[in-house]
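Asks: Sending over a structure as structure tokens; questions will come in a sec.
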Amino acid sequence: MSERSAVLLGATGLVGRELLSLLLESNVYSQITILVRNKLLIQHEKLKQVEVNFDELYKYEDEFKVDDVFCCLGTTMKKAKTKANFLKVDYEYPLAAAKLAEKKRVRNFLTITAIGADLRSPIFYNKVKGQTEEDICHLYIRSTHFFRPSLLLGQRSEIRLGEKIGEYALKSVSMFLIGKWRKFKPIKAENVAKAMLEAALEERSGVHVHESDVIYYGNCHGAVTN
């Protein structure tokens, strides 16, 4: 068995749950550490659970001495209630994790943002996602991957009425989403998780952006290849 190791943030989310299962099943990884607010009711010989205060992520620096860091953190404005709380989960925490990954010289940092991520967007949600990408992009990490899925499909732990309506609407028009619009098709969470794992194992240096149906490869300003 390989001695490859990984840290996963957001193991309770839609993609995070799928990714955790894939990592535990993989013969490539010998240890998976998940950073959680409360320990999960799951046991596995390769799994290490660490209860953390995400506001003080720097205190868990040693946990980032791994090969790959997967960040699946994310929330919604409805759940966050305020823009400040949303910024914490979708910007501050991923950036803090990326800085620790940089410090520990990980091989790959892989994180989920969203379709439409754009620093110049007038939409708050998209602008935050774009800012997250921009600031992580300037760190000195050997390989950085941003995943921008469209609407995620899967069994959530809570019902999100707005997303259910959006899911139904997008599914009904999916056959018409072709060409440059294909990236807006809903995508299964398990497929995003598979793509993240595959990207980590590709050992591709630089900064890469993956969208639901189209993958763009390129270097962001400030990115380096070690």
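Asks: For labels at N191 and R204 in the simple 7 Å Cα→Cβ model, what's the distance in nm?
Replies: Those two pseudo-labels are separated by 1.7 nm.
Asks: Then there's this: Take the alpha carbon atoms of segment 9-112, find their radius of gyration, then divide it by 2.2 N^0.38 Å using N residues; give the quotient.
Replies: 1.05
Asks: Mind scanning K78/K104; K39/K104; K48/K79; K46/K79; K65/K185; K46/K103 and naming the pairs with a C-alpha gap bigger than 30 Å?
Replies: Exceeds cut-off: K78/K104; K46/K79; K65/K185.
Read-outs: derived from the displayed coordinates by stated rules, not from any lab. In this text, all values refer to a predicted model and were calculated from it rather than measured experimentally. Glycine gets a Cβ as well: all are built from the backbone with ideal geometry, and neighbour counts include every protein chain shown.
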